[in-house]
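Q: What follows is a single structure, and I will ask about it in a moment.
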Amino acid sequence: MGLRRDLLLFPGGRKKALTFSYDDAVTQDARLAGLLNRYGMKGTFNINTGLLGTEKTYTRDGKTVTQNRFKPEQLREVYAGHELAVHGLTHLDLALAGNAAAAYEVMADRKNIEDLTGTPVRGMAYPFGTWSEALVSLLRSCGMDYSRTTKSTRAFTVPEEFLTWNPTCHHADEQLFTLAERFFEPEQKYSGPRLFYVWGHSYEFDLRGDWERMEKFLEQMSGRPEIWYASNIEISDYVKASRHLHYSADAQLIHNPTALDIWLSIDQQIHICPSGQTTNLGR
Ligand SMILES: [Zn+2]
């Protein structure tokens, strides 16, 4: 008997997942959320609650766009069906701030979002993408389950450490469509879950005038039965739950102590490990 190969599948036995992360709660998010809704996708939006309602413009390469932020009372409606996550109360660089200031930026922002949405908030994106080991341990103490960096991998890897979660690419990446092709490349044998993670700021679509390019990407990625369209926290929760499966010594019994059903590919066969139950592979 050869060595058995257990690989994670996403919910429903899906082999792929797609997720989005957009920062700063600018009003262009309404158009982006509308597009995600149209194509049946879910995003995560990272909010600086201390800056809500502020207005400013931003100029790059001679082009000026607005960077107006939503008012607090608009968030529920604009982001309905999507995840709201922490981006720091005032967008302070947390890696440079002292511990107390960083903890306050995270916790005050978290509390504000929770007050607006009535849901515990456990995700975040690093302001400016900067982080340190000390900051990671601080976030753990602040109850954060994951935090996104700005370091694009151009890969589809599921992170080992969700508190330094590197995305696949920015939406303006010249390789966006090449990556999409690679994402769909068939493989002879399933070799593990593929995660496509796109990040950015929605005002950048105004800046580059590339809303249509983004919509083309969404259209290509939409309606695929093998893709799980999920928010960041759903992916983090699911993958972490899978890491809590208990195996018997002979690996024939798999107990799932979590509240989520977990799908596995075992020697290329799809198995479901139902929540709270023990699956016996020997029967
Ligand atoms: Zn930001």
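Q: Karplus couplings for the stretch 173-182 from phi (6.51 cos²θ - 1.76 cosθ + 1.60, θ = phi - 60°), rounded to Hz, Gly and Pro as x?
A: So the Karplus estimates, Gly and Pro as x, are 3, 4, 9, 3, 7, 5, 5, 4, 4, 5 Hz.
Q: If amide H atoms are built 1.01 Å from N in the plane of the peptide, which residues on other chains or at least 5 residues away come under 5 Å of the amide H of K42?
A: The list, which skips near neighbours in sequence, is A230.
Q: Using the basic label-point model (7 angstrom from Cα toward the beta carbon), what is the R31 to K151 distance in nanometres?
A: My value for the distance between the label points is 3.3 nm.
Q: Further question: With loop defined by DSSP as not H, G, I, E or B, and exposure as at most 11 other Cβ atoms within 10 Å, which is the longest segment of the chain clear of exposed GluC sites (Glu not before Pro)?
A: On the way: sites that count: E55, E160, E161, E174, E187.
The segment 56-159 is the longest one with no such site.
Q: What does the helix-only formula give at 222 nm for the chain: each DSSP H stretch with n ≥ 4 adding -39500 (n - 2.57), the total divided by the residues, and the result rounded to the nearest 500 deg cm²/dmol?
A: -8000 deg cm²/dmol
Q: Would you mind computing the Rg to Rh ratio of the stretch 1-155 from its alpha-carbon coordinates, Kirkwood style for Rh? List each step's numbers first, then the result.
A: On the way: Rg = 17.6 Å, Rh = 17.0 Å.
On the Cα set of the stretch 1-155, Rg over Rh gives 1.03.
Q: Going by amide H atoms built from the backbone, whose H comes under 5 Å of the H on G53, apart from near neighbours?
A: R69, F70, K71
Q: Let me confirm the definition first: pairs of Lys residues in the chain, 8 or more apart or on different chains, C-alpha distance under 29 Å. How many are there?
A: Summing the qualifying lysine pairs gives 29.
Q: Now a separate question. With θ set to phi - 60°, apply the Karplus curve 6.51 cos²θ - 1.76 cosθ + 1.60 along the stretch 135-145 and write out the HN-Hα couplings as whole Hz, x wherever there is a Gly or Pro.
A: So the Karplus estimates, Gly and Pro as x, are 5, 4, 5, 5, 5, 4, 5, 7, x, 7, 8 Hz.
Q: Quick check: from the Cα gyration tensor, does the stretch 88-235 come out rounded (a/c under 1.5), prolate or oblate?
A: Prolate.
Q: From the phi angles alone, apply the Karplus equation (6.51, -1.76, 1.60; θ = phi - 60°) to the stretch 42-58 and give each ³J(HN,Hα) in whole Hz, x where the residue is Gly or Pro.
A: Values per residue, Gly and Pro as x: 10, x, 10, 10, 9, 10, 9, 5, x, 10, 4, x, 7, 10, 7, 10, 9 Hz.
Q: DSSP loop trypsin sites (Lys or Arg not before Pro) in the stretch 22-126 with at most 12 other Cβ atoms within 10 Å of their Cβ, which ones?
A: Working: sites: R31, R38, K42, K56, R60, K63, R69, R76, R110, K111, R122; in loops: K42, K56, R122.
Here the sparse-neighbourhood loop sites are K56.
Q: Could you pull the Cα extents of the chain along its three principal axes, largest to smallest, in whole Å?
A: Principal extents (Cα only, largest first): 65, 42, 32 Å.
Each value in this text was obtained by applying a stated rule to the coordinates, not by laboratory testing. The model shown is predicted, which means the values in this text are computed figures rather than measured ones. In this analysis, Cβ positions are derived from the backbone assuming ideal geometry, glycine residues included, and neighbour counts consider all displayed protein chains.
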